[in-house]
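Novice: Pasting a structure below so you can have a look.
The values are calculated or read from the model by the stated rules, or taken from the named source; none is laboratory data. In this text, all values refer to a predicted model and were calculated from it rather than measured experimentally. With ideal geometry, Cβ positions are generated from the backbone for all residues, glycine too; neighbour counts draw on all protein chains shown. The area values use the complete protein model at the heavy-atom level, side chains included, leaving out ligands, DNA and RNA. Shrake-Rupley method; radii C 1.70, N 1.55, O 1.52, S 1.80 Å.
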Amino acid sequence: MKFFPEKLNIPDKRMKPFIDPGEIWELIRGTPADKASVKAVIAKALDKNRLTLKETAILVNATDKDLIEEIKEGARELKERVYGNRIVLFAPLYVGNRCSNDCRYCGFRVTNRNALRKTLSDKEIVTEVEALEDNGQKRLILVYGEHPEYSPEYIAHTVDLVYGVKKGAGEIRRVNINAAPFDIDGFRTIGKAGIGTYQIFQETYHPDAYREYHLSGRKSDYEWRLTALDRAQEAGIDDVGIGALFGLYDWRFEVLGLVRHTNHLEACYNIGPHTISFPRIKDAAALDIDGRYMVSDEEFTRLVAILRLAVPYTGLILTAREDSDVRREVLKFGVSQIDGGTKIEIGSYSDIKNEQQNLNKEQFKIADERSLAEVIDELLSTGYLPSFCTSCYRMGRTGEHFMEFSVPGFIKRFCTPNAIMTLAEYICDYAGPGLAEKGWKAIDKEMEKLDPQVAEKTRERVELIKGGERDLYF
Ligand code: SAM
Ligand code: SF4
């Protein structure tokens, strides 16, 4: 929907910086987390209402052990109510690590002379995507450094290329992007390639801290980055993902920054971010940060639970930066998407050989190196329903329409049946006998939870899938 602030007589805040660090610190310092307020805020979130900054400040200030437990319990319940037990699976594909920026936490920074700079050729992209399809992946996020070589036209070209790769029963049905911010025209070019989510992390929402970590290059401009997803929206990309890199600054500030960003997008574009990511700093070649703000596992779990409560309808993404124990734990409190079978060294899915093996090609160290099949196995064993669903964006249920997610019964009508069908495809095409047995049992159990008519239709489609049909969805 087009936004006409002048007609509504309200100030036009689009593409303008929206973070006031003084305001956020005042809220953190001046909002006590007494028992009654924490409980009231949890109750509001459980009614599926997005929280205000002040309410979120109450949650980040809770230090009492019992209250923290209540926050986590609230998040667990809200997750169950909004998302059920589905976990959407994806994999990152690093296309190139050339970069003109000097971010002090990243192995790709321009000053890291030990990094082997590599951009996959078109042929190599195809080979990598084939390897990913052979594992059963259906959803990718393409990742690029920030470099003139990775222009909007080039990114759009790689997206086309990826959609065109069909190996056996394999195909990539959704390509998300994590790349540099562009101007409106640039975003328009990429948007036309039919991408899913455009993800850009602010890293830290604190302007002074931001300046300390981003030494040179386009990315050192805090405001250019902060307003990037506004430009994406102006260019018609209504499916955007935000994130903060935890460990750069006080985690409580970053949580409020993420909520503020969400409010801003909602106020200006009628739609909040589709996803929030919360990577924690991992070891990287040329890492140069003092570690003062590192986030412990306990704080990490807590901040994920707080985000879940603060933004009930926003997907939360947890990546293989975290080890399998942390992933298992954090999954309970609100995560809706994880990657599986992740490799981030450039060219590593298909093991593209390079003469200079001693130089590093990865951005940071990941901690969960399990295969996609192992991740799926564990999800099934712990009561989750793995999903490769890509239906919403292909049915046009994005942007404003994605709010339909809040419509009662939406999950049972669409998400669960689609998860079941994509899992059935995975079982038929890629699972070994043990995993297949577990998968079919999980599917039977999920069918019981569906409305009989929907279950009937889903059963029919699963039979079609068993017979060789693919890509069925509601
Ligand atoms: N170059 C683009 C950019 O900076 O937005 C996109 C790709 S960058 C490779 C993707 C994200 O990785 C960054 O936004 C940052 O949050 C994260 N990252 C960088 N260094 C990291 C590290 N040492 N540990 C964990 N995450 C890191
Ligand atoms: Fe480049 Fe992105 Fe790494 Fe910064 S985080 S050095 S912009 S790849």
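Novice: Where Lys and Arg each count +1 and Asp and Glu each count -1, what net charge lies around Val110 among other residues with Cβ under 15 Å from its Cβ?
Specialist: Details: positive: Arg98, Arg104, Arg109, Arg113, Arg117, Lys118, Arg218, Lys219; negative: Asp102, Glu146, Glu149, Asp288.
Local net charge: +4.
Novice: I would also like to ask the following. Once Rh for the range 129-195 is found with the Kirkwood sum over Cα pairs, what is the Stokes-Einstein diffusion coefficient at 20 °C and 1.002 mPa s, in µm²/s?
Specialist: Numbers: Rh = 12.3 Å.
Estimated via Stokes-Einstein, D reaches 174 µm²/s.
Novice: Can you tell me the Rg and the Dmax, both Å, for the Cα atoms in the range 92-250?
Specialist: According to the Cα coordinates of the range 92-250, Rg and Dmax are 15.9, 51 Å.
Novice: Treating only the Cβ of Lys, Arg, Asp and Glu as charged (+1, +1, -1, -1), what charge dipole size does the chain show about its Cα centre? Round to the nearest 20 debye. Intermediate values should be presented prior to the final figure.
Specialist: Working: 67 positive and 75 negative charges, 122 e Å.
Magnitude of the dipole: close to 580 debye.
Novice: Considering only the other residues whose Cβ falls under 9 Å of the Cβ of Gly272, what net charge follows from Lys and Arg at +1 and Asp and Glu at -1?
Specialist: Value of the local net charge: 0.
Novice: Here's something else I'd like to know. Taking the inverse of the average 1/r across all pairs of different Cα atoms in the chain, what Kirkwood radius in Å do you get?
Specialist: 22.8
Novice: Let me ask something else about it. Going Cα to Cα from Lys13, which aspartates and glutamates come in below 15 Å? Please leave out same-chain ones fewer than 8 positions away.
Specialist: Glu223, Asp230, Glu234, Glu266
Novice: Please report the spacing between the Cα centers of the range 5-60 and the range 267-293 in Å, no decimals.
Specialist: Taking the Cα centre of the range 267-293 as reference, the centre of the range 5-60 is 20 Å away.
Novice: So, one more: Sort 256-269, 435-448, 382-395 by the packing proxy (mean of other Cβ within 10 Å over each peptide's residues), most packed first.
Specialist: Going from most to least packed, we get 256-269, 382-395, 435-448.
Novice: Run the helix sum for the chain: -39,500 (n - 2.57) per DSSP H stretch of 4+ residues, divided by residue count, reported at 222 nm to the nearest 500 deg cm²/dmol.
Specialist: -13500 deg cm²/dmol
Novice: Can you give me the Kirkwood hydrodynamic radius for the range 266-356, using every pair of distinct Cα atoms, in Å to one decimal?
Specialist: Roughly 15.5 Å, rounded to one decimal.
Novice: Hey, another quick one. Based on the inverse mean of 1/r over its pairs of different Cα atoms, what is the Kirkwood hydrodynamic radius of the range 15-78, in Å?
Specialist: For the range 15-78, the Kirkwood estimate is 12.4 Å.
Novice: If I take all pairs of Cα atoms in the range 408-466, what percentage of them are more than 17 Å from each other?
Specialist: Everything past 17 Å amounts to 32 percent.
Novice: Another question about this same structure. Counting only heavy atoms of the protein chains, get the accessible area per residue of the range 15-78 (1.4 Å probe) and round it to a whole Å² value. Numbers along the way, then the final one.
Specialist: Values: 3270 Å² over 64 residues.
The answer is 51 Å² per residue.
Novice: Separate question: Over 29 Å between C-alpha atoms is what I'm after, so list which of Lys39/Lys219; Lys79/Lys438; Lys166/Lys343; Lys65/Lys332; Lys138/Lys412 land there.
Specialist: Exceeds cut-off: Lys39/Lys219.
Novice: About the Cα centre, and with charges only on the beta carbon of Lys, Arg (+1) and Asp, Glu (-1), how big is the dipole of the range 1-119? Nearest 20 debye, please. Working shown, then result.
Specialist: On the way: 24 positive and 16 negative charges, 180 e Å.
Value, rounded to 20: 860 debye.
Novice: Also, quick follow-up: Provide the percentage of antiparallel DSSP beta bridges, counting only those with both residues in the chain; round to the nearest 5.
Specialist: So the antiparallel bridges amount to about 10 percent of the total.
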